[in-house]
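Participant: Okay, here's the structure, questions in a sec.
The values are calculated or read from the model by the stated rules, or taken from the named source; none is laboratory data. Worth saying up front: this structure is predicted, and the values here are computed from it rather than measured. Every residue, glycine among them, receives a Cβ derived from its backbone with ideal geometry; neighbour counts consider all protein chains shown.
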């Protein structure tokens, strides 16, 4: 009886809290004339006001400073240790896709504090390519049918055949293995291994858990002789694109980062207050980011960071961010401006961005650049058009086709 009463009290308090959040959330803005004047934090100016002028200064001080600000104010801490990790091939077919591909279904089990989390990885490796091969890995937040290992269901969201025919391995895992995408259920997964995170206002939540899982996949790639561990591309769409950015910022083993239509708290500037805003995302998805982030609802200018600083953490590794013309919710212009404002950090490494001064026309991708971008015609989605350009981007940087 007492337990029932306690559950009713908790439920009532949760509903009250959620209703309060809803009351705080503003309407999304789709009018450029209503974008406020804003000043972005200087990505190269340290907390002491010193201007960073070299790659060495960036790596020794400013990069870590920004990473900590993002952890404490948005994404949460990233646990660095675990007790052990095990890998098991649960299914294998060396002649998948009519003999063209080696299929592996891998179980990655991570142990900490006498508990474990299981990550199910689907991996296709082309048979006719030199080994080891570069790889794309997708953080999948949509139906698991999109990454069907049997290929009974095929989807342009994860066009495995196209990618392997281009000479790349392609892998994917599902976010539910790490943190179910639900405000009440997200604790069932990685956070069971790190319960202290839930008690901290700057603790990891769902987006952080998905990024953490991407790094455990990278741990596995270090052991797989078929994969070129130095040429792994992390890919995410929408909320998965937020996670791919955070994964690449935290884990420098990822050679390239791709973030597709990631919008607010992804690759779009928060201070523009265009499309989805911080208060909107924290209301609809209170389980994605840490508790501290909610203090910036309707207070974007108070944030000590903005998303160009997250993109800058990828440097000197290449990054490709995308938009879609009808996806105003994810702010295409704000995404382009975010990339432009990360350019000074790439310049520290002698890397010259090929992005134009103004946002490129629709379906005119800028690929041969350390910072790539396109604005595809259409809606919020991950499409074959996007993937074909990601392959060209990887080709360019991995020197497999372009010289």
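Participant: Could you tell me whether residue 147 is touching a strand residue (DSSP E or B) at 6+ places or on another chain (Cβ under 7 Å), without any contact (Cβ under 8 Å) to a residue 40 or more places away in the chain and closer than 26 Å to residue 398 by Cα? Don't jump to the end; show me each part of the working.
Facilitator: Numbers: touching a strand residue (DSSP E or B) at 6+ places or on another chain (Cβ under 7 Å): yes; without any contact (Cβ under 8 Å) to a residue 40 or more places away in the chain: yes; closer than 26 Å to residue 398 by Cα: yes.
Judged against the criteria, residue 147 is a match.
Every residue, every condition in (1) at pLDDT 95 or above; (2) closer than 29 Å to residue 332 by Cβ, yes or no:
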{"site": "24", "(1), (2)": "no, yes"}
{"site": "62", "(1), (2)": "yes, yes"}
{"site": "100", "(1), (2)": "yes, no"}
{"site": "105", "(1), (2)": "yes, no"}
{"site": "110", "(1), (2)": "yes, no"}
{"site": "131", "(1), (2)": "no, no"}
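Participant: Condition check: in contact (Cβ under 8 Å) with a residue 12 or more places away in the chain, surrounded by 19 or more Cβ atoms within 10 Å (Cβ to Cβ) and under 26 Å from the mean Cα position of the chain (by Cα). Does residue 101 satisfy that?
Facilitator: When the stated conditions are applied, residue 101 does not pass them.
Participant: If we only count helices (runs of 4 or more DSSP H) wholly inside the stretch 285-358, which ones have 3 or more residues that are touching a strand residue (DSSP E or B) at 6+ places or on another chain (Cβ under 8 Å) and buried (at least 16 other Cβ atoms within 10 Å of the Cβ)? Write out each step before concluding.
Facilitator: Values: elements: 307-312, 332-340, 343-348.
By residue number, 332-340.
Participant: Sticking with this structure for a sec: Under 8 Å by Cβ, and 6 or more places apart or on different chains, what pairs join a residue from the stretch 371-393 that is over 28 Å from residue 351 (Cα atoms) with one that is in a helix (DSSP H, G or I)?
Facilitator: From the stretch 371-393, the pairs are 380/329; 380/330; 384/162.
Participant: Also, quick follow-up: If you check 339, 313, which single one turns out to be farther than 21 Å from residue 389 by Cβ, at pLDDT 95 or above and under 17 Å from the mean Cα position of the chain (by Cα)?
Facilitator: 313
Participant: Now for a separate question. Could you please find all residues in the stretch 35-60 being part of a helix (DSSP H, G or I) and either in contact with a helix residue (DSSP H, G or I) (Cβ under 6 Å, 6 or more places away or on another chain) or at pLDDT below 95 (or both)? First the steps, then the outcome.
Facilitator: Start the filter on the stretch 35-60 by keeping residues that are part of a helix (DSSP H, G or I), which leaves 55-60.
Selection gives 55, 58.
Participant: With (1) over 19 Å from residue 70 (Cβ atoms); (2) free of Cβ contacts under 8 Å to residues at least 40 places away in the same chain as the list, and residue 281 as the residue in question, which single condition is left unmet?
Facilitator: Failing condition for residue 281: (1).
So that you can scan it fast, the table gives a plain yes or no per residue for (1) out of contact with any helix residue (DSSP H, G or I) (no Cβ under 9 Å at 6 or more places or on another chain); (2) surrounded by fewer than 15 Cβ atoms within 10 Å (Cβ to Cβ):
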position	(1), (2)
131	yes, yes
153	no, yes
164	no, no
170	no, no
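Participant: Please enumerate the residues belonging to the stretch 224-252 that are within 25 Å of residue 336 (Cα to Cα) and assigned to a loop (DSSP other than H, G, I, E, B). Please lay out each step first, then the result.
Facilitator: Applying the first criterion (within 25 Å of residue 336 (Cα to Cα)) to the stretch 224-252 yields 232-252.
Across the stretch 224-252, the qualifying residues are 238, 251, 252.
Participant: Hey, another quick one. Residue 187 fails exactly one of the following numbered conditions: (1) in contact with a strand residue (DSSP E or B) (Cβ under 8 Å, 6 or more places away or on another chain); (2) without any contact (Cβ under 8 Å) to a residue 24 or more places away in the chain. What is the number of that condition?
Facilitator: It is condition (1) that residue 187 fails.
Participant: So which of 224, 301 is in contact with a helix residue (DSSP H, G or I) (Cβ under 9 Å, 6 or more places away or on another chain) and at negative phi? Break it down into steps so the answer makes sense when it comes.
Facilitator: On the way: 224 fails: in contact with a helix residue (DSSP H, G or I) (Cβ under 9 Å, 6 or more places away or on another chain).
Sole residue among the options that is in contact with a helix residue (DSSP H, G or I) (Cβ under 9 Å, 6 or more places away or on another chain) and at negative phi: 301.
Participant: Residue 89 - would you say it is within 19 Å of residue 216 (Cα to Cα) and buried (at least 17 other Cβ atoms within 10 Å of the Cβ)? Even if it seems obvious, please write down each step before you answer.
Facilitator: Values: within 19 Å of residue 216 (Cα to Cα): yes; buried (at least 17 other Cβ atoms within 10 Å of the Cβ): no.
In short, no.
Participant: Hey, another quick one. Given the condition over 23 Å from residue 315 (Cβ atoms), in contact with a helix residue (DSSP H, G or I) (Cβ under 8 Å, 6 or more places away or on another chain) and in a strand (DSSP E or B), answer yes or no: does some residue in the stretch 62-81 qualify? Write out each step before concluding.
Facilitator: Start the filter on the stretch 62-81 by keeping residues that are over 23 Å from residue 315 (Cβ atoms), which leaves 79, 81.
Subsequent filtering for residues that are in contact with a helix residue (DSSP H, G or I) (Cβ under 8 Å, 6 or more places away or on another chain) retains 79.
Still in the list and also in a strand (DSSP E or B): none.
Among the residues of the stretch 62-81, not one is over 23 Å from residue 315 (Cβ atoms), in contact with a helix residue (DSSP H, G or I) (Cβ under 8 Å, 6 or more places away or on another chain) and in a strand (DSSP E or B), which makes the answer no.
Participant: Sort through 388, 392, 352, 357 and tell me the only one that's within 23 Å of residue 275 (Cα to Cα) and modelled with pLDDT of 95 or more. Walk me through it before giving the result.
Facilitator: Numbers: 388 fails: within 23 Å of residue 275 (Cα to Cα); 392 fails: within 23 Å of residue 275 (Cα to Cα); 352 fails: within 23 Å of residue 275 (Cα to Cα).
After applying the criteria, what remains is 357.
Participant: Please determine, by comparing only the residues of the stretch 196-223 that are farther than 24 Å from residue 171 by Cβ and touching a residue at least 24 places away in the same chain (Cβ under 8 Å), which one is surrounded by the fewest Cβ atoms within 10 Å (Cβ to Cβ).
Facilitator: From the stretch 196-223, those farther than 24 Å from residue 171 by Cβ are 196-203, 205; that's our starting set.
Add one more test, that the residue is touching a residue at least 24 places away in the same chain (Cβ under 8 Å), and what stays is 197, 200-203, 205.
On the way: 197: 21, 200: 15, 201: 13, 202: 17, 203: 20, 205: 25.
The residue in question is 201.
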